[in-house]
Amino acid sequence: MVPIIKTEGLCHRYSVGTPFERAAIEDIDFEAKRGEFIGVIGHTGSGKSTFIQHLNGLLKPTAGRVYYEGRDIWESKAATRETRFKVGIVFQYPEYQLFEETVYKDIAFGPKNMKISDDEIDMRVREAAEFVGIDSELLERSPFDLSGGQKRRVAIAGVIAMGPSVLILDEPGAGLDPRGRESILENIKRYHEATDATVIMVTHSMEEIASAVDRIVVFNRGRIAMNGTPGEVFSRGEELEDMGLSVPEVTRIAKRLRELGLPVDTSVYTIEQLKSILLSLKGGGRGA
C-alpha cells in the first residue's frame, strides 16, 4: 500500500548563503499510512515544527522529496495546491487566526475556497462543529465572544471542514487547563475514529500522546531519533531524558516499582496497563 504521506531525505536549511545558515532538519525519511494516529515529540528546536510544515507545502525542501499518495507535492503548482487542501494543519494557538464575524463563517472560510456548493459547505460546517463539540446555537455568535477552549475548537473545525485526508495538529492543548486539554484530545480521537483520516499530533504532553497514538516519532537535533509504538519508545526512558524529554508518570512509577523488586514491565504507559499488571501480581504473587 502506498503511504498517504512520505518523505525521502528531507532537509531544510534557514538563511541559506548567509553567516546565519543552519540546518533545521536533515535526512528525514518518514511514512504515514492512511488511518494512522501518529504522535511527534521533541524538545524546542528539535525540528518537529519545521518538519510538519513541509507535509502540506508551506515550506519547500532544501533537499529531498515529499510525497502525497505517491505524488511529489512539488511536481506542479496544481499538485501543491491540491495537497494543501488534502493535508490540513492546525497551528499552535490557532484561535489567533480567527477573523470572521460569526463562528459559522470562520468554519466555512476554508470550504468556500474549495469552490464547492453552498449546501456542501453548510453540511461540512455543521459536521465539523459537531466533531469538535461546538453547539449549533454558537454558530451565529462572534468567535471573539467565546472562551479560549471554544475558540480552539472553532479553529480546529475550520480545518476539519475542508475534509483533509491528513490532519496535523501542533500542540492542540497548549495554553488550556487540564480539563480543556482532555476535552480537545477526546474530540480529536473521536474524529479519528469516525473517519479514515490520518492524524499527526505534535505535543509536549507525554500523557496525551501515550493515550491516543498508534506510533511515536521522536525528533532530536533535526533528525528522527526514535520511531515506534508508545511502549517501544517509552521503554527507552533514559535516552528520552538525555534529549530533554520525559516519559509518562505511569511509566516512571512502573520503573520505580521494578527497582523495588516487583516484576513490572517498564514499557507500560497507561494507568489501565499498570493496574492490570498489579492486579495480576496480587492474584498470582510476586513470582507470577
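The values are calculated or read from the model by the stated rules, or taken from the named source; none is laboratory data. The structure presented is a predicted model; accordingly, all values stated were derived computationally and were not measured. Cβ coordinates were reconstructed from backbone atoms using ideal geometry, including for glycine residues, and neighbour counts include every protein chain displayed.
Observations
- Test: residue in segment 83-100 that is farther than 26 Å from K189 by Cβ, modelled with pLDDT under 95 and touching a helix residue (DSSP H, G or I) at 6+ places or on another chain (Cβ under 9 Å): yes
- When residues of segment 107-118 are limited to those that are within 24 Å of Q53 (Cβ to Cβ) and modelled with pLDDT under 95, the one nearest to the chain's Cα centre (by Cα): G110
- Here G35, G45, G39 are screened, and the one residue that is under 21 Å from I216 (Cβ atoms), surrounded by fewer than 18 Cβ atoms within 10 Å (Cβ to Cβ) and either at pLDDT 95 or above or β-branched (V, I, T) (or both) is G35.
- Within segment 222-233, the residues that satisfy the criterion of being of a type outside the set (K, R) and within 28 Å of A23 (Cβ to Cβ) are G222, I224, A225, M226, N227, G228, E232, V233.
- Screening V218, V233 for residues that are assigned to a helix (DSSP H, G or I), within 19 Å of the chain's Cα centre (by Cα) and modelled with pLDDT of 90 or more leaves exactly one candidate, V233.
- Extreme residue, farthest from T83 (Cα to Cα), among residues of segment 141-159 that are outside any loop (DSSP other than H, G, I, E, B) and without any contact (Cβ under 8 Å) to a residue 40 or more places away in the chain: D145
- For segment 205-219, the tally of residues that are surrounded by fewer than 21 Cβ atoms within 10 Å (Cβ to Cβ) and within 18 Å of F51 (Cα to Cα) stands at 1.
- Yes/no for D27 being under 16 Å from V217 (Cα atoms) and surrounded by fewer than 16 Cβ atoms within 10 Å (Cβ to Cβ): yes
- Applying the condition of being closer than 19 Å to I28 by Cα and small (G, A, S) to segment 220-249 and asking which residue is surrounded by the most Cβ atoms within 10 Å (Cβ to Cβ) yields G222.
- Residue in segment 188-195 that is under 27 Å from P143 (Cβ atoms) and not in a helix (DSSP H, G or I) present: yes
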